[in-house]
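Every number here is computed from the coordinates shown, using simple stated rules; none is lab data. None of the values given here were measured: they were computed from a predicted structure. All Cβ positions, even for glycine, are placed from backbone atoms using ideal geometry, and neighbour counts span all protein chains on display.
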Amino acid sequence: MSDDVKSMMLEDSTDLLDNVEVTTIAAECQKLKSLQDDIERAEEHVDNLKKMADDISSRVIPELLAEQGLTSLKLADGSSVTVKREYRCTLPKEDERRQSAYNWLRENGLGDIIKNNVIVTFGRGEDDKAQRLLDLAASNGFEPNQKSDVAWNTLTALFQERVESGLDMPSDVFSTWIKDTTKITRK
C-alpha cells in the first residue's frame, strides 16, 4: 500500500473518530469485555458444580447407601432418594476400532443389531438404473458405498443385558461405562 493511500485512510479514520464519542464506545467495549469475563467465570463455576454434583450422585451417596445395605430411602422433607445403575456403550469414532467392534458383534452372533446402509449415486436421467438398484448394481458398473451403524441406545441395551448376564463386552473394542446415579424425587 502506498504512503499516500495510508495517509488518506488515516485522515478518514481520524475524522470519523472526531465525530463519534470515543469515550462512550470505549466504555461500552469495557462493559462487554467485563460481561464476557463474568460469563466465562460463571460457566467455569457451573462446570465445577456439575462435576461436584456428579461425584456426589455417582460415588458418595451410592457408597453411603451401600454401606447401610440400602438402595433407596425417604428424606425428612418427603423426598425419595434412589440409586440406579446406568450403562452406556457406543461405537468408537476411529474407523479401525469401529470395524473391530462390528467384527466382534458379528463373531459373537450379535450382528443383527448392525444397521447396514447401501448408497448408490446416480447421475441425471438415470432413474431407470436406480430402479434396478441393489441386485444389479455390480453388473451395471455402479459402485455402491456401504455404511454400517448401530444405534447407541440399542448397543447400550445389549451391553446392559450382557453385563447383567455375566457376559463380556470388551471395553477395548467399545466405548463403555457403568456408573451409579442418585435420583432425588422431590415431594
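Here are some notes:
- Compactness relative to 2.2 N^0.38 Å, alpha carbon Rg of region 84-185: 1.48
- Cut-off under 5 Å, modelled amide H: who pairs with D180 long-range: E86
- Length released on extending from Q30 to E96, taking residue separation times 0.36 nm less the Cα-Cα span: 18.8 nm
- Ranked by how many other beta carbons lie within 10 Å on average, peptides 108-117, 34-43, 175-184, 151-160 from highest: 151-160, 175-184, 108-117, 34-43
- Full-extension gain in nm, K183 to S165, via 0.36 nm per residue minus C-alpha separation: 4.0 nm
- Here the extension length gained between E126 and S80 equals 10.3 nm, from 0.36 nm per residue of separation less the Cα-Cα distance.
- Listed residue pairs exceeding 29 Å between alpha carbons, taken from K51/K187; K74/K179; K50/K84; K50/K115; K115/K183: K50/K115; K115/K183
- When each of the peptides 48-61, 90-103 is scored by the mean number of other C-beta atoms lying within 10 Å of its residues, the order from highest to lowest reads 90-103, 48-61.
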